[in-house]
Structures are given as C-alpha cells and as structure tokens.
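*Asks:* Right, I'll just put the structure down here and ask away after.
Values in this text are rule-based calculations from the coordinates and carry no lab data. Here the structure is a predicted model, which means the values were calculated and not measured. Glycine gets a Cβ as well: all are built from the backbone with ideal geometry, and neighbour counts include every protein chain shown.
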Amino acid sequence: MRLDAERNRTHLLATARAMAEETSGGEPPALNELARRAGVGVATVYRHFADADALAVTLMEEPLGALGALLDRAVAEADAASALRALFHDVLALEMEHPMVARLVHAPPAAMADHVAKLQTAAELVVRRAKRMRVLRAGVSADDVCHLLLGVHAAARAASDPRAAARKYADVVLAGLLEPGAVSTDGGACAPGGLDGDRTRCRPARGG
C-alpha cells in the first residue's frame, strides 16, 4: 500500500471510530457520511472499504481481540466467583471504552458471526461453572448476563459520570446475581464491594 493510501486509511479509520463512539450503540457511520466528515471523496472511502460491513469488521477487529483476551482470562480463572466478576466488570469496562463492543456482542456483522459465537461459548463456560459451584443464582443464563451487561452499559452512558456509574451499577447487578452466602472455591464468602466503585469480592476463608 502506498504511503498516501496508508495515511488515508488510517485517517478514515480514526474518523469512523470517533463517529461510532459518538453514538450510544457504537454504530459505524455510513460511507458517504464518513467521506464528508473525513474531508475526502466518496471514491476514496470505497477504495478502502467495499461496503458498510467491511468498515464495521475493520473497526471491530481491535475490540474483538480485547474482548477475546478478557474472556480467556475469565475462563482460566480458577475461582468461579472471581471469573464471573471479571467477566461482568471487565467486559463492561471495555464496552464503556469502546461502545462498538456492545454492538459486536449483540448484533455482529455477518462476517464476524463465527468469531462472536466462540466468544459466547467462552462466556457460557464461565456462567455454567458459576452455576455449578452455586455462586450464580439458579435460572440465570449466559444470555441473561449478556442482556444485563447491555442494560448497565446503556444506563451508565446516560449518567453524568458514565465510568463511575458503570462500576456502581455493576456492583448492584452482581449483588443480585450472586447466590446469598455464595462462597468462592476456597471457602471464602462472596460479598458486594459496595457502591464506592470497588468490585464485588470474595472474602478468604478463615483458618482454624
């Protein structure tokens, strides 16, 4: 790719990302609108992106990788309660930083459907283990957790301090999701971290 073409592509992606993050749902812009905002001809945009889906896929590559890394860590976490907390808090934080993540999870472009299905499988593993360990309330599914994440994300973005609100609302939701008196795998009790922004945490079991 020629240097000027590479610069154009970088500029278009930065502009498209900014436009997407201005919307509540992280919607990628229409190609004509992108051209206008970026100050280039429509033909220039189409040379880099064949259609709106191609733009969306490119924009979501980085958030997709970050989301996959978060889910891998949650699956690898030995403690079921800690894994569930990490899944909820970390994915929510990523959604707040990149609103496109919410769209990626709930309405992925067709070209990314297989990748998103793998991420959903990882999330289901975390949720199933939490239910098996009696950390998560019975009857709560991975889809429920996903929908709650979307709801908390939408509510937090409407607050005056969205990031602080996201942490607060996440604690409230997690307090409702956890079984009363739930314990971590080492016997420690799990309790909400409170509304001061601390994460829900498990208290280590006392020796003796």
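*Asks:* Give the order of Thr23, Thr10 when sorted by the count of other beta carbons within 10 angstrom, beginning with the fewest.
*Replies:* Least to most surrounded, the residues fall as Thr10, Thr23.
*Asks:* Evaluate the distance, in nm, between pseudo-label points positioned 7 Å from the Cα of Ala69 and of Arg7 along their respective Cα→Cβ axes.
*Replies:* For Ala69 paired with Arg7, the spin-label model returns 3.0 nm.
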